[in-house]
Amino acid sequence: VTPGPAGIHQKAVLQIIVALYPFLERTGIGELLVSPSDVQLEAESLVQPDLYVVPPEEGRRLIAASTARELLLAIEVVSPSSGRHDRGKKRAFYQRNVPEYWIFDTEARFVERWRQNDEQSEILHNRLEWHPSGADAPFVMDLDRFFEKIFGE
């Protein structure tokens, strides 16, 4: 049995939800979901990102279905056992199928942002900004404050 994620991982996931959910509610551009939850973007691949955003029509389809097939954003919070996989196989998979992929590294206190066709990630230390199609203004996360909250500083 794989051990459950550490407390910092869970705190990070919660703080991402707290930050991102109001933006999605206000803009209506998508719905935020958390794992355990299956995502199948390619025929032979099933993944469970920590969090992900689906477009509204996919959110409606998921009322009766159990597997997401279209994402606007995939988010992973790195843990010691998942970092290599999150940055390797999963990154390549998400880059092929999702407009944007974020990797939150709580130990190093930064976010890696990958977009489709990027050959290198963007490393964000202070501010994360996401302006998806259909949103009137961008989502902005103060990363210094985010990391302070999860570490209780």
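The values are calculated or read from the model by the stated rules, or taken from the named source; none is laboratory data. For clarity, every value in this text was computed on a predicted model and none was experimentally measured. All Cβ positions, glycine included, derive from the backbone under ideal geometry; neighbour counts span all protein chains shown. Each accessible area value is taken on the protein alone, full model and side chains, heavy atoms only, with ligands, DNA and RNA left out. Shrake-Rupley method; radii C 1.70, N 1.55, O 1.52, S 1.80 Å.
Here's the yes/no breakdown for (1) within 14 Å of the chain's Cα centre (by Cα); (2) part of a strand (DSSP E or B):
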site	(1), (2)
L20	yes, no
R26	no, no
I29	no, no
L33	yes, yes
L46	no, yes
P49	yes, no
I63	no, no
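Put simply, of R91, R69 the only residue that is open to solvent by 30 Å² or more (accessible area, probe 1.4 Å) and farther than 27 Å from I8 by Cα is R69. Applying the criterion of being among the aromatic types (F, W, Y) and at pLDDT 95 or above to the residues of the range 111-151, the residue that is farthest from L71 (Cα to Cα) is F147. Per the conditions (1) out of contact with any strand residue (DSSP E or B) (no Cβ under 7 Å at 6 or more places or on another chain); (2) modelled with pLDDT under 90; (3) more than 26 Å from I123 (Cβ to Cβ), the sole criterion not satisfied by G28 is (2).
Only one of the listed residues (I75, I103) is touching a Lys or Arg at 6+ places or on another chain (Cβ under 9 Å), crowded, with 16+ Cβ neighbours inside 10 Å and closer than 20 Å to Y52 by Cβ. That residue is I103. For S45, are the conditions met, namely being without any contact (Cβ under 8 Å) to a residue 60 or more places away in the chain, out of contact with any Asp or Glu (no Cβ under 7 Å at 6 or more places or on another chain), open to solvent by 20 Å² or more (accessible area, probe 1.4 Å) and not charged (D, E, K, R)? Judged against the criteria, S45 is a match. Counting the residues of the range 121-136 that are in a loop (DSSP other than H, G, I, E, B), open to solvent by less than 70 Å² (accessible area, probe 1.4 Å) and without any contact (Cβ under 8 Å) to a residue 40 or more places away in the chain gives 1. Anything in the range 95-120 that is of a type outside the set (K, R) and free of Cβ contacts under 8 Å to residues at least 24 places away in the same chain? List them, or say none. Hits for the range 95-120 are Q95, A108, W114, Q116, N117, D118, E119, Q120.
Annotation: W114 fulfils all but one of (1) part of a helix (DSSP H, G or I); (2) open to solvent by 20 Å² or more (accessible area, probe 1.4 Å); the unmet one is (1).
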